[in-house]
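Quick notes on the structure that follows.
The values are calculated or read from the model by the stated rules, or taken from the named source; none is laboratory data. Nothing here was measured: the structure is a model prediction, and the numbers come from that model. Here the Cβ positions follow ideal geometry from the backbone for every residue, glycine too, while neighbour counts run over all protein chains shown. Heads up: the accessible areas ignore ligands, DNA and RNA and are worked out on the full protein's heavy atoms, side chains in. Shrake-Rupley method; radii C 1.70, N 1.55, O 1.52, S 1.80 Å.
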Amino acid sequence: MELHESGEMYLEAILVLGQKSSFVRSVDVSEYLGYSKPSVSRAMGILRAGGYVLMDPDGGLTLTDAGREVAEKIFERHTLLSQLLMALGVPEGTAIADACKMEHTISDESFQALKRHMAQLKEKPV
């Protein structure tokens, strides 16, 4: 199953919320993303069917290995792109919003090049 941008965003939200709390529910994802509860419920059904998310009987959401892999990839992209844009002087709010758009469309090749570049910048003495 190929994930769309929205699916990646849901997985990233579950990952981020899971870092703050051991129990993540659909309502938490809804509040975090600002999406309606029915939209999140439908998305969770699709993500469960795709093997990305598990839901326990109490409504707790857990990422499968496949879901965690996607979520961590998107989160890493979001973090690095935000940092890069802020390092270039983009205001934090704008950098975060732009990174959120870019993280879903940037190629693996381009992202790896940016990642190498950022690592090189951190290694240079000031």
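Overview of values
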quantity	calculated
Inter-label distance, nm, simple model (7 Å from Cα along the C-beta direction), MET86/GLN19	1.2 nm
LYS122 paired with SER6, simple spin-label distance in nm, labels 7 Å along Cα-to-beta-carbon	3.5 nm
Where Cα atoms sit under 22 Å apart: lysine pairs in the chain separated by 8 or more or lying on different chains	7
Percent accessible area from carbon and sulfur atoms, region 1-117, protein chains only, probe 1.4 Å	53 percent
Inter-label distance for SER39 and LYS73, nm, one decimal - labels placed 7 Å from Cα along Cα-to-Cβ	2.4 nm
Part-to-part distance (alpha-carbon centres) for region 1-21 and region 86-120, which is given in Å	18 Å
Rounded accessible area per residue of the chain, 1.4 Å, Å²	61 Å²
Estimated 222 nm signal from helices in the chain, with DSSP H stretches of n ≥ 4 weighted -39500 (n - 2.57), rounded to 500	-22500 deg cm²/dmol
Most mobile of GLU109, GLU31, GLU72 in a GNM of the chain (Cα contacts under 10 Å)	GLU109
Globularity index of region 1-125, i.e. its alpha-carbon radius of gyration over 2.2 N^0.38 Å	1.14
Range of Cα positions in region 67-119 per principal axis (Å), largest first	31, 21, 16
